[in-house]
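Visitor: Submitted below is the structure of interest, expressed as structure tokens.
The values are calculated or read from the model by the stated rules, or taken from the named source; none is laboratory data. Computed from a predicted model, the values in this text were never measured in an experiment. Using ideal geometry, Cβ is built from the backbone for each residue, glycine included, and neighbour counts are taken over all protein chains shown. Ligands, DNA and RNA are stripped out before the accessible areas are found, and what is left, the full protein with its side chains, is counted by its heavy atoms. Shrake-Rupley method; radii C 1.70, N 1.55, O 1.52, S 1.80 Å.
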Amino acid sequence: MSAPLRVAMVGTGFMGAAHSQGWRVAPRFFDLARQPQMTVVVGRDAAKTEAAAAKWGWSEASTDLNAVLERDDIDVVDIVTPGDSHCDIAIAALEAGKHVLCEKPLANTVEEARRMADAAAAAASRGVFAMVGFTYRRVPAATFARELVRRGAVGEIRQVRGQYLQDWLSDPEAPLTWRLDKSRAGSGSLGDIGAHAIDLSQFITGQKLTSVSGVLETFVKERPTMGEGIGLSGTAGSGRGPVTVDDYAAFHARFDGGAMGLFEATRFAMGHKNGLRVEISGDKGAILFDLEDLNAIQYYDATAPSTEQGFRRILVTEADHPYLKAWWPAGHMLGYEHGFSHQVVDFTEAIAKGEQPTPSFEDGYQVQCVLDAVERSSAAGSAWTETTTA
């Protein structure tokens, strides 16, 4: 039998729960070349980390990351911490000979992302690989949309519309957490959710964004502090602190294949809970993916007779659709958590084959360059700004 793939996960928050689900479930439904083992979860608070290990199925808990990185029985480090720690953890893990899976966005700055991509390239030459976790690529309907575009279903791509709309920050009295602190999160809606719209649009179209014209806005300038280890003093209700990230991001974009793009990301869109939408329009048709209807796509065939034209809904649940063969009979829906299982499948299978998994850290760096270009464009009065950096 092939050697197991022994995993250490760093972080115990929301993404820790999602990634744990992926590691736990994937080997039970997919026949993997190397079986993941949930060896240890690492956190800062001993009691919280022990509770996470027990709840999510990790064999051990630890508060000593350095000791974990030195262990011979760890093959993979999965990073689900806030963005300000990604760079140091990922580089240390790669230099220790561990494969790395890192949540998006890859880093908080272009400079950090470049360092991470360089470290990943050096590690790959030694057979050690790194991947960034843009999980929505693994939603079967999104992957199927990419396949249709590749087969020419929409023809020459002319327009791309990407939106990610949430409303969980609409209340101005919602507390000031690390996601609203630029030193911890890097950016607000732009990086937290806009990065997904950027990556998914590029993934489906096969084109890269080359320049942007954007605007950022912060609607609520300060919020109640909670002292949650984000460098803010006080307890709930005792004071207020500044919001240092964007609440709203919007930008036009040019793609290297000639398409034009329009993007929007906000956590203030009332009534939208997790509305990631990507619409691709070409000269022969259009495809719409909507995460709030994640088991289907909308497809418009402009080559059909005029009497038969119109968007039609394709249910993506057949065994011949991406990833679906391992799951339920057609029409029995998948959910948000299945994307994390598919991420584990693709990551572990690439490692077993000795191949670079995608999206790579270099891909993550490219998305980071887009985020940076939007910020620079907004600061320059929405001037068109190149996404590449020296």
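Visitor: For region 343-354, state whether one or more residues are closer than 26 Å to residue 110 by Cβ, among the β-branched types (Val, Ile, Thr), assigned to a helix (DSSP H, G or I) and open to solvent by less than 10 Å² (accessible area, probe 1.4 Å).
Guide: For region 343-354, residues closer than 26 Å to residue 110 by Cβ, among the β-branched types (Val, Ile, Thr), assigned to a helix (DSSP H, G or I) and open to solvent by less than 10 Å² (accessible area, probe 1.4 Å): absent.
Visitor: Mind counting the residues in region 295-307 that are touching a strand residue (DSSP E or B) at 6+ places or on another chain (Cβ under 9 Å) and over 22 Å from residue 156 (Cβ atoms)? Working first, answer last.
Guide: Taking region 295-307 first, the residues touching a strand residue (DSSP E or B) at 6+ places or on another chain (Cβ under 9 Å) are 295-304.
Cutting the leftovers down to over 22 Å from residue 156 (Cβ atoms) gives us 295-296.
Final tally of qualifying residues: 2.
Visitor: Here's another thing I want to ask about it. Are any residues in region 184-223 open to solvent by less than 20 Å² (accessible area, probe 1.4 Å), among the small types (Gly, Ala, Ser) and not in a strand (DSSP E or B), and if so, which ones?
Guide: 185, 186, 187, 188, 189, 191, 194, 195, 197, 201
Visitor: So which of 1, 38, 9, 15 is at pLDDT below 95 and among the aliphatic types (A, V, I, L, M)?
Guide: Details: 38 fails: at pLDDT below 95; 9 fails: at pLDDT below 95; 15 fails: at pLDDT below 95.
After applying the criteria, what remains is 1.
Visitor: State the number of residues belonging to region 247-296 that are assigned to a loop (DSSP other than H, G, I, E, B) and open to solvent by 10 Å² or more (accessible area, probe 1.4 Å).
Guide: Taking region 247-296 first, the residues assigned to a loop (DSSP other than H, G, I, E, B) are 247, 256-259, 267-274, 283-284, 294-295.
Narrowing further to those that are open to solvent by 10 Å² or more (accessible area, probe 1.4 Å): 256-258, 268-274, 283-284, 294-295.
Going through region 247-296 one residue at a time, the tally reaches 14.
Visitor: Please determine whether any residue of region 379-388 is assigned to a loop (DSSP other than H, G, I, E, B), under 30 Å from residue 298 (Cβ atoms), of a type outside the set (A, V, I, L, M, F, W, C) and open to solvent by 40 Å² or more (accessible area, probe 1.4 Å).
Guide: Of region 379-388, the ones assigned to a loop (DSSP other than H, G, I, E, B) are 380-384, 387-388.
Narrowing the set further to residues that are under 30 Å from residue 298 (Cβ atoms) leaves 387.
Narrowing further to those that are of a type outside the set (A, V, I, L, M, F, W, C): 387.
Checking the rest, the ones that are also open to solvent by 40 Å² or more (accessible area, probe 1.4 Å) come to none.
No, there is no match, as no residue in region 379-388 is assigned to a loop (DSSP other than H, G, I, E, B), under 30 Å from residue 298 (Cβ atoms), of a type outside the set (A, V, I, L, M, F, W, C) and open to solvent by 40 Å² or more (accessible area, probe 1.4 Å).
Visitor: Can you list residue pairs whose Cβ atoms sit under 6 Å apart, with the first residue in region 302-326 being farther than 25 Å from residue 338 by Cβ and the second being in a loop (DSSP other than H, G, I, E, B) and among the acidic types (Asp, Glu)? Count only pairs 6 or more apart in sequence or on different chains.
Guide: Pairs that qualify, where the first residue is farther than 25 Å from residue 338 by Cβ and the partner is in a loop (DSSP other than H, G, I, E, B) and among the acidic types (Asp, Glu): there are none.
Visitor: Would you confirm whether any residue within region 317-326 is aliphatic (A, V, I, L, M) and either part of a loop (DSSP other than H, G, I, E, B) or surrounded by fewer than 16 Cβ atoms within 10 Å (Cβ to Cβ) (or both)?
Guide: Initial filter on region 317-326 (aliphatic (A, V, I, L, M)): 319, 324, 326.
Filter again for either part of a loop (DSSP other than H, G, I, E, B) or surrounded by fewer than 16 Cβ atoms within 10 Å (Cβ to Cβ) (or both), leaving 319, 326.
Yes: region 317-326 contains one or more residues that are aliphatic (A, V, I, L, M) and either part of a loop (DSSP other than H, G, I, E, B) or surrounded by fewer than 16 Cβ atoms within 10 Å (Cβ to Cβ) (or both).
Visitor: Note down all Cβ pairs under 8 Å where the first residue falls in region 199-223 and is touching a residue at least 12 places away in the same chain (Cβ under 8 Å) and of a type in the set (Gly, Ala, Ser), the second is part of a loop (DSSP other than H, G, I, E, B) and surrounded by fewer than 16 Cβ atoms within 10 Å (Cβ to Cβ), and they're at least six residues apart or on different chains.
Guide: Filtered contacts from region 199-223: 206/257; 211/384; 213/383; 213/384.
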